[in-house]
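**Student:** Take this structure first; my questions come after.
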């Protein structure tokens, strides 16, 4: 199957700093990538849909100024958590849709963010 | 709005027992249905999917799921579980041509030897 890679896999930062997480599709071009957030022992919550070359579409309740998403190329999307606070600590997962496979998503390994 | 409901949050079984995990969705039109699995410390992996055709879908590792349109259900089954099936299982729906996948809350399965 298609491979999606995230970096870093875990990061610890101080409150007030910004953290960037990268999501790459390694062997295919992804016109659409999705960013999810997973709280401990809970399901994945869709944060935003990232479309190459255009602005991301955020889900209701997700602050677009806090979670900046950039999809500059067909293989890379980035999520920047700005002015991070302890409540932003979570597991962030990206996924990408292979154009020929409608609906099916391939997931990255996830990035665990801990804000001190 | 679309929603996905997984009835069992935590299931404990002994090896060789049969498994059935429930999944119901709310959407009246055409749906694509998925079951994903997340093993401890690993990323989500696709178990199986239903787009159209035979409503009984076979996936990897001996899993299967049946799409029952009249019941808006897509239950996951395995005749005989193994310890290595210990994981969290997520049902997901992509409906109405929407570009996103909606996940259920997940079911945590623990299989004891």
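**Student:** Just checking: which of the strands (runs of 3 or more DSSP E) contained wholly in segment A:1-41 hold 1 or more residues that are surrounded by fewer than 19 Cβ atoms within 10 Å (Cβ to Cβ) and on the phi > 0 side of the Ramachandran plot? Write out each step before concluding.
**Tutor:** Working: elements: A:4-7, A:10-13, A:19-25, A:32-38.
No strands (runs of 3 or more DSSP E) qualify here.
**Student:** Any residue in segment B:62-84 that is away from chain A (no Cβ under 13 Å), surrounded by 13 or more Cβ atoms within 10 Å (Cβ to Cβ) and without any contact (Cβ under 8 Å) to a residue 12 or more places away in the chain?
**Tutor:** The answer is yes, given that some residue of segment B:62-84 is away from chain A (no Cβ under 13 Å), surrounded by 13 or more Cβ atoms within 10 Å (Cβ to Cβ) and without any contact (Cβ under 8 Å) to a residue 12 or more places away in the chain.
**Student:** Right, something else. Test residue A:115 against the stated conditions and say whether it is touching a helix residue (DSSP H, G or I) at 6+ places or on another chain (Cβ under 6 Å) and over 27 Å from residue B:45 (Cβ atoms).
**Tutor:** yes
**Student:** Going through A:68, A:79 one at a time, which residue ends up being outside any loop (DSSP other than H, G, I, E, B), within 14 Å of the chain's Cα centre (by Cα), touching a residue at least 40 places away in the same chain (Cβ under 8 Å) and over 23 Å from residue B:91 (Cβ atoms)?
**Tutor:** Testing whether each residue is outside any loop (DSSP other than H, G, I, E, B), within 14 Å of the chain's Cα centre (by Cα), touching a residue at least 40 places away in the same chain (Cβ under 8 Å) and over 23 Å from residue B:91 (Cβ atoms) leaves just A:79.
**Student:** For segment B:11-59, what are the residues that are modelled with pLDDT of 95 or more and either at the interface with chain A (Cβ under 10 Å from one of its Cβ atoms) or over 19 Å from residue B:93 (Cβ atoms) (or both)?
**Tutor:** Across segment B:11-59, the qualifying residues are B:11, B:12, B:13, B:14, B:15, B:16, B:17, B:18, B:19, B:58.
**Student:** May I ask you to verify whether residue B:61 is out of contact with any helix residue (DSSP H, G or I) (no Cβ under 7 Å at 6 or more places or on another chain) and part of a strand (DSSP E or B)? Don't jump to the end; show me each part of the working.
**Tutor:** Values: out of contact with any helix residue (DSSP H, G or I) (no Cβ under 7 Å at 6 or more places or on another chain): yes; part of a strand (DSSP E or B): no.
No, not satisfied.
The values are calculated or read from the model by the stated rules, or taken from the named source; none is laboratory data. These numbers come from a predicted model, not from an experiment. Ideal geometry is used to build each Cβ from the backbone, glycine not excepted, and the neighbour counts take in all protein chains shown.
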